[in-house]
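Data first, discussion second: the structure below is written as structure tokens.
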There are 2 protein chains.
Amino acid sequence: MARIAADSATFGGESKRYSDEEVYKGIAEAIVEHRLPPGARLPEDALAEVFGISRTGIRKVLQRLALEHLVTIRPRRGAQVAQPTEQEARQVFAARRMIEVGSLGGAIEAARKRDIQALHDIARQEREAQQSGEHSRAIQLSARFHTRLIELAGNEVITDFLLQLTSRSSLIIAMYGSRLSIGCDCGEHDELVELVAERRVDEAEAWMERHLQRIEATLSFGPGTEDVPDFKQIFRPIR
Amino acid sequence: MARIAADSATFGGESKRYSDEEVYKGIAEAIVEHRLPPGARLPEDALAEVFGISRTGIRKVLQRLALEHLVTIRPRRGAQVAQPTEQEARQVFAARRMIEVGSLGGAIEAARKRDIQALHDIARQEREAQQSGEHSRAIQLSARFHTRLIELAGNEVITDFLLQLTSRSSLIIAMYGSRLSIGCDCGEHDELVELVAERRVDEAEAWMERHLQRIEATLSFGPGTEDVPDFKQIFRPIR
DNA sequence: TGGTCTATTTTCGTATACAATTTGAAGGTA
DNA sequence: TACCTTCAAATTGTATACGAAAATAGACCA
């Protein structure tokens, strides 16, 4: 099982003193970028040492991450990177479809030239990261594309929800994604930018619905690669 | 300005030792039920004394409430009950329309007889509370009606979002609601139960959209009743 | 009376201490 | 070898201490 060590490369070994917000971003990014796998334990002491603050600050951050469903905290057993279930995964994507399709009209209406340009840039960077095999960068850019698009609609409440949902999606892909999950995305976002630029709302909505369904469809649930293989479950009953 | 005193009646003066969860519920309910008005300060010491735990536990709860936008925490100045802006209020209701209308079809599809009955009961209790002037009870029941209905759709992610949104709505009504805001609701929820029972999805969706728009329309923003009247602002410039 | 400055008190932010519980390993037995 | 028991080490939960900042009250002056 993956662990955090004080000298781990996961966060770098600097001795700088990080602020709460930096610690939050540091851990959240490590999870979202798959540097911390689902199920990885997150002991308070180790994190406190890595980030150069006391456990008090770490606990605050872990509590927040738990509310956002990126980590799980079990009483007296500490925190670990969350391991979303299949059900949770499907619900997250259903919620995304509702929110993203539902906001797309407003986003298109509000989109100005430079917004379109910004989306284009992100899509291009994503394609490049994809092709040069920079997985974690591609993941981040994909999430940013979706949030940038929807935040054009101007509803911060919705934007906040979507931010959470994209983070959780990354974690879900870390658990259930095959290589396809990321590969098949390739270039797709550019298509949507076109539809947005031309203000073809209905088509854009249909596109988004399909897009999210496709990502969900690339997930492979099945018996699953447990983090700690439970041999008892596997080898027991040959009855 | 409203304050928490150790002997305040807001939480009762018991000396029982509360768990984190109980403290959370205690404060959240006090806000949602308008016993703690928007802007009320929430000093850690006073809360710690009232609930019989140390500041550590209180801080955890306040952080959580802040993430849910029920309280505001400003560095070095502590926590206070949030004072949502008009913009925030409109965004919350827009988000509710999207989520509740978007989930209603699934909820209706999944609704069984006993679910309908449960909704009926809540609507009836709400009506009774309304008529006997039990404001805070009516508020809670109204929120519960909406969440119960939508949770039938079976998406916990969406349900969690809606739980937050209904809490925030209560706070918004505390700030901007006239007497109308609560009164006009009267009996309305029964109509929706009918539509749900008869599986008239389109009409139910239209009804929900109108219902939420109407609640929003009863809010009176305008110059606003500040919590601490700023006489300087009011009386200064007769120029 | 109204305003400004200063001193006191209150309140928050962070680290640390200590008890309680879990984890993990060593040793013993079938 | 597999399983159970026991004990030490590691880890978390909660309270507390203390420095730093902000709120408050009082004195002083116009």
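The values are calculated or read from the model by the stated rules, or taken from the named source; none is laboratory data. Predicted model, so just to flag it, every value in this text is computed and none were measured. Neighbour counts run over all protein chains shown; Cβ positions are idealised from the backbone, glycine included. The protein model used for the area step is the full one, side chains on, heavy atoms only, and it has no ligands, DNA or RNA in it. Shrake-Rupley method; radii C 1.70, N 1.55, O 1.52, S 1.80 Å.
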Checklist entry - Quick one: is B:I73 within 14 Å of another protein chain (Cβ to nearest Cβ), open to solvent by less than 30 Å² (accessible area, probe 1.4 Å), in contact with a strand residue (DSSP E or B) (Cβ under 9 Å, 6 or more places away or on another chain) and within 14 Å of DNA strand C (Cβ to nearest atom)? => result no
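One line per residue, one yes/no per condition, for (1) modelled with pLDDT of 95 or more; (2) more than 22 Å from B:E68 (Cβ to Cβ); (3) touching an Asp or Glu at 6+ places or on another chain (Cβ under 7 Å):
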{"residue": "B:A129", "(1), (2), (3)": "no, yes, no"}
{"residue": "B:E134", "(1), (2), (3)": "no, yes, no"}
{"residue": "B:Q140", "(1), (2), (3)": "no, no, yes"}
{"residue": "B:L152", "(1), (2), (3)": "yes, yes, yes"}
{"residue": "B:F161", "(1), (2), (3)": "yes, no, no"}
{"residue": "B:M175", "(1), (2), (3)": "no, no, no"}
{"residue": "B:S178", "(1), (2), (3)": "no, yes, no"}
{"residue": "B:G183", "(1), (2), (3)": "no, yes, no"}
{"residue": "B:C186", "(1), (2), (3)": "no, yes, no"}
Checklist entry - Applying the selection to segment B:199-218, what residues are open to solvent by 60 Å² or more (accessible area, probe 1.4 Å), within 18 Å of the chain's Cα centre (by Cα) and free of Cβ contacts under 8 Å to residues at least 40 places away in the same chain? => result B:R214, B:A217
Checklist entry - Does B:L65 satisfy the criteria of being open to solvent by less than 30 Å² (accessible area, probe 1.4 Å) and within 16 Å of DNA strand C (Cβ to nearest atom)? => result yes
Checklist entry - Across segment B:1-26, what is the total count of residues that are assigned to a loop (DSSP other than H, G, I, E, B), surrounded by 17 or more Cβ atoms within 10 Å (Cβ to Cβ) and modelled with pLDDT of 65 or more? => result 2
Item to check | Qualifying positions in segment B:27-45 - assigned to a helix (DSSP H, G or I) and away from DNA strand D (no atom under 13 Å from the Cβ) | outcome: B:I27, B:A28, B:E29, B:A30, B:I31, B:V32
Next on the checklist: Out of A:E100, A:E109, A:E126, I need the residue that is open to solvent by 50 Å² or more (accessible area, probe 1.4 Å) and either in a helix (DSSP H, G or I) or within 14 Å of chain B (Cβ to nearest Cβ) (or both). Which one?
Outcome noted: A:E109
Next on the checklist: Can you tell me how many residues within segment A:142-158 are within 11 Å of another protein chain (Cβ to nearest Cβ) and either under 8 Å from the mean Cα position of the chain (by Cα) or surrounded by fewer than 19 Cβ atoms within 10 Å (Cβ to Cβ) (or both)?
Outcome noted: 2
Checklist entry - With respect to B:L67, is the statement that it is more than 16 Å from DNA strand D (Cβ to nearest atom) and either over 15 Å from the mean Cα position of the chain (by Cα) or within 12 Å of chain A (Cβ to nearest Cβ) (or both) true? => result yes
Item to check | Failed criterion for B:E29 (all others in (1) outside the structural domain of B:T166 (by TED's automatic domain parsing); (2) open to solvent by less than 70 Å² (accessible area, probe 1.4 Å); (3) not basic (K, R) hold) | outcome: (2)
Next on the checklist: For the structure I just gave you, tell me whether B:Q83 is open to solvent by 20 Å² or more (accessible area, probe 1.4 Å), outside any helix (DSSP H, G or I) and more than 16 Å from DNA strand C (Cβ to nearest atom).
Outcome noted: yes
Checklist entry - Quick one: would you say B:T85 is more than 13 Å from DNA strand D (Cβ to nearest atom) and free of Cβ contacts under 8 Å to residues at least 12 places away in the same chain? => result yes
